[in-house]
Amino acid sequence: MRNETSIFWPSSHRHYISSLRLDVEETGLSRRTLSLIPPLLKIVDAMRDLESLPFTLTSELESLRRRAADTLEAIADTLRDPASTRNLYLRAQILRGSDHRQLAQEIMGSLEQELIVVCGRLSTWLGKSSGYYSSALFAVPDGLSQAISDSADDALPAAFEELQGLFAERLELRRHFPLQWARLIAAAGEANLYPKHFAYFLPEDEGAKYSPNKRSLVFMNTYHALFNLITQEESTNHLYLHDAELDMAEIPTYLVAWFRGHDLGHSILRPQTDFRPLNKVDRWGSMQLQEALADSFGLLLCNTRAWRQRLGMHSGMLSMVFVLEMLRYLRRDPCSFPDAGAAFIELQFLIRNGYADIDRETRKISTSSERLMAGIAALLDTLSRSVLANDLPATLDFIERYAPHRNSEALDELMQLLGQSSHTLDYVQPIFHCAGQVGVSP
Ligand SMILES: [Zn+2]
């Protein structure tokens, strides 16, 4: 019952909430479609509540699952896009008890053009619980972000070649998967607790591991709100970048490129790289290093001429977005989130090797884009000769020097300077105003 201690995780004596309105205007969805979604959200909330009981109410859960499946099919019948319709029918079949691994893989086969739905059991935060809980997410495709992301993908071969030119060792871009950009319009169940994920890796987060078809689903409105309401407000107080200014109108392009860079960064390795031996010795350390590698390769991919020219980006603003996001992650709690641990490793490396400075009086980090890019390249160089080369002693030595779970004094000092943040987002869901407008009861 650890998962039920609080709706927030990790626990804190204070939680600061900003609201994001999940507007349903200009989604292209009919009133009929929108009116069918709110009852399903409440069914999923009820399923999630029943999962909190110390015993299983099998028949009650069964009947709620059937109601949820009926509603998904009713929604599917209001849609025009074949992929959206098909995937909703497949999700309904999963709820009716069909093989979820097989069907979740089939869902990955076609990208929805009208309505994207995840409805079923989803994982929560690592460290909070290893269980899967009833969740529902409804989103519409975000064409603008998708176009930016696809354009970056078109220039990927040239960008990767440039990236390879920065390193002596041969790198390999292993198989990578599509990234689907969407605008979230409704959420329920575990996925609507705190903090909310802005990205899911499917179907892995649904418990279907080793699927040959995968995709990342990113909610741009959530991601953008995290940047506008949390990163910008909190992290800018802690950063002085000598040669850059933040142009808020350009932020969406940078966020899309940065996320795609990080996502692809997970697939950039050396031919011999194998994380399994490290996982056996220090799983938490391994996860943090993998996130630090993805962050670092992601930044350098974004900074290649191929991507900068294609997307109209500048090194200064890229550096600013990177460091601001690094600070947002870091201030969450480096010992609870692998991404936050990675942020700690990156900042420790930059400061201890002279690529950034921290002023204890103003509590500001200062650097320039040139120093930052050089520092991140140096960090990757060190990691490519240790963890990417499967050199376990060198990797453990690196973890001893830079990882938060092995450096509690340095962690305490940095967290005292930067402060911990429990600032999170809540969703305001106007979609509930659509319920009953056409008198629907599924
Ligand atoms: Zn990652």
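Just the residues that are in a loop (DSSP other than H, G, I, E, B), under 24 Å from the mean Cα position of the chain (by Cα) and not β-branched (Val, Ile, Thr), please, taken from the stretch 369-390. So that I can check it myself, show each step before the final result.
So in the stretch 369-390, the residues in a loop (DSSP other than H, G, I, E, B) come out as 386-390.
Then keep just the ones that are under 24 Å from the mean Cα position of the chain (by Cα); that gives 387-388.
The answer is Leu388, and nothing else.
Within the stretch 38-61, track down each residue that is of a type in the set (Lys, Arg) and buried (at least 17 other Cβ atoms within 10 Å of the Cβ). Don't jump to the end; show me each part of the working.
Kept after step one, since they are of a type in the set (Lys, Arg), are these residues of the stretch 38-61: 42, 48.
Arg48, the sole residue that qualifies.
Which numbered condition trips up Ala155, out of (1) within 19 Å of the chain's Cα centre (by Cα); (2) modelled with pLDDT of 95 or more?
Only one criterion is unmet by Ala155, namely (1).
Quick one: which of Leu29, Leu64 is surrounded by 13 or more Cβ atoms within 10 Å (Cβ to Cβ), within 16 Å of Gly97 (Cβ to Cβ) and at pLDDT 95 or above? Give the steps one after another, and end with the answer.
Values: Leu29 fails: within 16 Å of Gly97 (Cβ to Cβ).
So the residue among Leu29, Leu64 that is surrounded by 13 or more Cβ atoms within 10 Å (Cβ to Cβ), within 16 Å of Gly97 (Cβ to Cβ) and at pLDDT 95 or above is Leu64.
If we scan the stretch 38-58, do we find a residue that is farther than 16 Å from Ser135 by Cβ and either in contact with a Lys or Arg (Cβ under 7 Å, 6 or more places away or on another chain) or among the small types (Gly, Ala, Ser) (or both)?
Within the stretch 38-58, not a single residue is farther than 16 Å from Ser135 by Cβ and either in contact with a Lys or Arg (Cβ under 7 Å, 6 or more places away or on another chain) or among the small types (Gly, Ala, Ser) (or both).
Let's see how each residue does on (1) under 21 Å from the mean Cα position of the chain (by Cα); (2) more than 13 Å from the ligand (Cβ to nearest atom); (3) closer than 20 Å to Leu372 by Cα:
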{"site": "Asn279", "(1), (2), (3)": "no, yes, no"}
{"site": "Trp284", "(1), (2), (3)": "yes, yes, no"}
{"site": "Gln290", "(1), (2), (3)": "yes, no, yes"}
{"site": "Leu293", "(1), (2), (3)": "yes, no, yes"}
{"site": "Ser296", "(1), (2), (3)": "yes, no, yes"}
{"site": "Ser315", "(1), (2), (3)": "no, yes, yes"}
{"site": "Leu318", "(1), (2), (3)": "yes, yes, yes"}
{"site": "Val321", "(1), (2), (3)": "yes, yes, yes"}
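Which of the residues belonging to the stretch 331-349 are under 20 Å from Thr231 (Cα atoms) and more than 14 Å from the ligand (Cβ to nearest atom)? Write out each step before concluding.
First, the residues of the stretch 331-349 that are under 20 Å from Thr231 (Cα atoms): 331-348.
Answer for the stretch 331-349, where residues must be under 20 Å from Thr231 (Cα atoms) and more than 14 Å from the ligand (Cβ to nearest atom): Arg331, Arg332, Asp333, Pro334, Cys335, Ser336, Phe344, Leu347, Gln348.
Among the residues of the stretch 86-107, is there at least one that is surrounded by fewer than 19 Cβ atoms within 10 Å (Cβ to Cβ), modelled with pLDDT under 95 and acidic (Asp, Glu)?
yes
The values are calculated or read from the model by the stated rules, or taken from the named source; none is laboratory data. Because the structure is a prediction, the values reported are computed rather than measured. All Cβ positions, glycine included, derive from the backbone under ideal geometry; neighbour counts span all protein chains shown.
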